[in-house]
Structures are given as structure tokens and as C-alpha cells.
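Asks: Structure below; questions to follow.
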Amino acid sequence: MNLLPHAHDLLLFMTAAIVLLVIPGPAVLYIVARSVDQGRKAGLASACGIATGGLVHVLAAALGLSALLASSAIAYSVVKYAGAAYLIYLGIRKLREQSAAADEVKHVEPSSLRHIYAQGIVVQVLNPKTAIFFFAFLPQFVDPTRGPVTLQFLALGMLFSVMAFTSDSLWALTAGSAAGWLQRNRTLLRHQKYVAGTVYIGLGLATAASGSRHSPHH
């Protein structure tokens, strides 16, 4: 029993996955926003949350929930707009934060990493593009003659999740490094909430306005 495709198909799968992952999308922009907002640790925490939320979709794809979302316009719309509303809520809350005075910037209290991690899970679980991606992409590499289809879905989903987490972590570290420079500039730091808030709201609006039912999550 071989749960992964043959070498040629596996290479095709990984190549396609890499192409999809390097193109910035909702997950990447969310992680970058967190990294710029609070640094690399926050970015990595959000990447871990996104990865955990992605595992939910892996299990859902294996158990058939992705098929339900793909066939039910109502289920798709409910999940999509719930996710969009949550992102917009995060943005509005960020914009309403009180700006710190110039001499108080270094005492700004960040959100806990646990809270950031939990937010990442919610954002990804409520992202229907992830479910649709797994439903549209993974079945192309599943062959019933190789073994249980459910286990093949899990194997491919886990492989993609590891690749996605690696890519997301690199984005977090890169953006977090740039954030370190921004943290030393008090004027920019005082107004960074407008950048982060605008990114969150933009992601929410983009998700709500998305017309494609088969777009990848990244």
C-alpha cells in the first residue's frame, strides 16, 4: 500500500503546491500583518495557527466536508462571509486602539502568542478557499488502486500542510525582521495600527468579494 503518488506525479504535486504557496494570498498577508504588528514570534504564532486550521480542512477533505462545501452554495456562503466578517472585525478593533504617546511606545502591551495562535486557527478554519482547494486539487493525485482513499487524502494533505507551514514561517521571519526596524522608529510605530487594521479589513473585503469557488487558500 502506497499512500503517495508515484515519483512523477508526486513531483508534479509538489511543484504545483510550491507555485500556489509562493503567491501571497489571505493566509500570507494575515501572517505578514501579524509579523509587522508584533514581530517574528507573533508571525510564527499566527503561522502555527494557520497550519492548525489547515489540518482541520485536511481532515474535512478526507471525511467529505469539502465535497459538501463545494456542492452547497449556502454552506459555502455561510463559511465565506463568517470568515470575512471576522477579519473585518479584527481590522476595526485594531483601528480603534488608542495610539501610544511617543514616550510610551516602548511600553505597548502586545497580544499574547496564545491569542494570536487561536486567531490564526479561526481565520483559517473559516476560510472556505482552503476547503475548496483541497477538494479541487488533492483528488487529482488520489488513486483508489493504491489503497484507502481517505488515507491518501490525509497523506497528501499533511504533505501540503508541512510545505505551507514552511513557506508561511519564512514569510513571518522576513516580515518580522522588517518589523524590527520599524519598532525602532517611534513615529511609524505609533501609526502602525492603521497599516495592520487596513490589511485586516482589506483581507475581509477581498474574501467577501471573491467570486471564484475554486481558488487556493494562499
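The values are calculated or read from the model by the stated rules, or taken from the named source; none is laboratory data. As the structure is a prediction and not an experimental result, all values here were calculated from the model. Neighbour counts run over all protein chains shown; Cβ positions are idealised from the backbone, glycine included. With ligands, DNA and RNA removed, areas are computed over all heavy atoms of the protein, side chains included. Shrake-Rupley method; radii C 1.70, N 1.55, O 1.52, S 1.80 Å.
Asks: Give the number of residues within the stretch 165-204 that are of a type in the set (V, I, T) and at pLDDT below 75.
Replies: So the count comes out to 3.
Asks: Can you pull out the residues in the stretch 36-60 that are modelled with pLDDT under 85 and open to solvent by less than 40 Å² (accessible area, probe 1.4 Å)?
Replies: Going through the stretch 36-60, the residues modelled with pLDDT under 85 turn out to be 36-39, 60.
Within the stretch 36-60, D37, G39, A60 qualify.
Asks: Still on this model: What are the pairs with Cβ atoms under 7 angstrom where one residue, in the stretch 8-25, is open to solvent by 80 Å² or more (accessible area, probe 1.4 Å) and the other, located anywhere, is at pLDDT below 80? Sequence gap at least six, or different chains.
Replies: From the stretch 8-25, the pairs are I23/H218.
Asks: Of the conditions (1) in a helix (DSSP H, G or I); (2) under 17 Å from F137 (Cα atoms); (3) at pLDDT below 85, L10 satisfies every one except a single condition; which number is it?
Replies: Single failed check for L10: (3).
Asks: Go through the stretch 80-133 and report how many residues are over 25 Å from A208 (Cβ atoms), exposed (fewer than 14 other Cβ atoms within 10 Å of the Cβ) and at pLDDT below 85.
Replies: 9
Asks: Restricting the search to the stretch 138-151, which residues are in contact with a helix residue (DSSP H, G or I) (Cβ under 7 Å, 6 or more places away or on another chain) and within 13 Å of F13 (Cα to Cα)?
Replies: Correct list: L138, F141, V142.
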